[in-house]
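In what follows, a structure is listed as structure tokens, so that the remarks can point back to it.
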Amino acid sequence: MNPVPVVGRFAPSPTGDLHFGSLISAVGSFLEAKTQGGKWLLRVEDIDPPREVKGSASRIIDDLYRLGMEPDGPILYQSSRYAAYQASIDQLLKAGRAFACWCTRKDLPPSGVYQGTCRNGIRNGRKPRAIRLLVTQETCDFSDALQGNVSVSLTRDVGDFVIHRADGLYAYQLAVVVDDQFQGITQVVRGADLLDSTCRQLYLQKTLGFDSPAYMHLPLALSADGHKLSKRLQADPVKHHAPAVAVATALLFLGQNPPAGLALTPLWEWAIENWNSKLIPRSKPPSAAKV
Ligand code: GLU
């Protein structure tokens, strides 16, 4: 067993019902934690009320229980964490690691990469809009357990990024980092669509003096027309499928080979016994079936 207690997590945004793409992250993070004798926690990322679909948080939780994935601790709701996000922003502002920005979208260059316009407090008589993190580190390198070595030029491709949005909401990048630290997360297993965010999160962790978890980015489930299956694309909700079929399909997608026809309990027993992350394909396998 690992000397450091492993803590994994699943962190859905309540923007729709649980769909196959999210189920992959739930199953992958659950098995990576459980097979190392670790804990698996659940966090509802409800910090963007305009994007939220009413009732979807409780429907996602119900689905996870129905599928046999119960969290090893209380569910954390990001909507209850605003004071912690604000405290981190205040800490960064005080240390000169973040600054108020007056720019509108129109002030950004076509690349979308912020050029440091407000770093020195140019106000132009406008009201401050967002808070950005000062990015001074040239590059970010990390090793993803599945995708291998990743290297990103922070100064060229990322720039000073938003941690408190102009509409008053806390940015996903900030909330996820503050809460991964708060929940003691040691490994993040999630979809490869978030690979791009990881360097921002690693940089924020370093700036705030936090530990960094290990990362594993899973292949994305794609619909027949090549789009990522997402809640926004109204992918077929998992709730329409028998639990053992949904879990078995997720396992197959993740490169595992469960015996056909197992009921839910023996299927999980098989999965915990036989989970092998080396079998996970890096990208979508050709035969990936839709639940
Ligand atoms: N809440 C994000 C989503 O549902 C996932 C965040 C994460 O795993 O870091 O896409």
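The values are calculated or read from the model by the stated rules, or taken from the named source; none is laboratory data. Computed from a predicted structure; not experimentally measured. Cβ placement follows ideal geometry from the backbone for every residue including glycine, while neighbour counts extend to all protein chains displayed. The protein model used for the area step is the full one, side chains on, heavy atoms only, and it has no ligands, DNA or RNA in it. Shrake-Rupley method; radii C 1.70, N 1.55, O 1.52, S 1.80 Å.
So, P50, is that one within 9 Å of the ligand (Cβ to nearest atom), farther than 15 Å from Y65 by Cα, at pLDDT 95 or above and of a type outside the set (G, A, S) or not? Against the criterion (within 9 Å of the ligand (Cβ to nearest atom), farther than 15 Å from Y65 by Cα, at pLDDT 95 or above and of a type outside the set (G, A, S)), P50 does not qualify. Taking the criterion of being over 21 Å from D144 (Cα atoms), in contact with a Lys or Arg (Cβ under 6 Å, 6 or more places away or on another chain) and part of a helix (DSSP H, G or I), no residue of segment 11-28 qualifies. The helices (runs of 4 or more DSSP H) found wholly in segment 193-291 and carrying at least 2 residues that are basic (K, R) and modelled with pLDDT of 95 or more occupy 195-208. Residue selection: T139 satisfies the criterion of being within 28 Å of V189 (Cα to Cα) and without any contact (Cβ under 8 Å) to a residue 24 or more places away in the chain.
Are any residues in segment 176-197 more than 9 Å from the ligand (Cβ to nearest atom) and not charged (D, E, K, R), and if so, which ones? Of everything in segment 176-197, those that are more than 9 Å from the ligand (Cβ to nearest atom) and not charged (D, E, K, R) turn out to be V177, V178, Q181, F182, Q183, G184, I185, T186, Q187, A192, L195.
Does L31 satisfy the criteria of being in contact with a Phe, Trp or Tyr (Cβ under 6 Å, 6 or more places away or on another chain), open to solvent by less than 10 Å² (accessible area, probe 1.4 Å) and assigned to a helix (DSSP H, G or I)? So L31 passes the test. Using the structure shown, decide if Q36 is part of a loop (DSSP other than H, G, I, E, B) and either open to solvent by less than 80 Å² (accessible area, probe 1.4 Å) or among the aliphatic types (A, V, I, L, M) (or both). In short, yes. List every residue pair whose Cβ atoms lie under 8 Å apart, where the two residues are 6 or more positions apart in sequence or sit on different chains, the first residue falls within segment 34-53 and is of a type in the set (D, E), and the second residue, located anywhere, is part of a helix (DSSP H, G or I). Between residues of segment 34-53 that are of a type in the set (D, E) and residues that are part of a helix (DSSP H, G or I), the close pairs are E45/Q78; E45/Y172; E45/A175; E45/V176; D46/A57; D46/Q78; D46/S79; D48/Y172.
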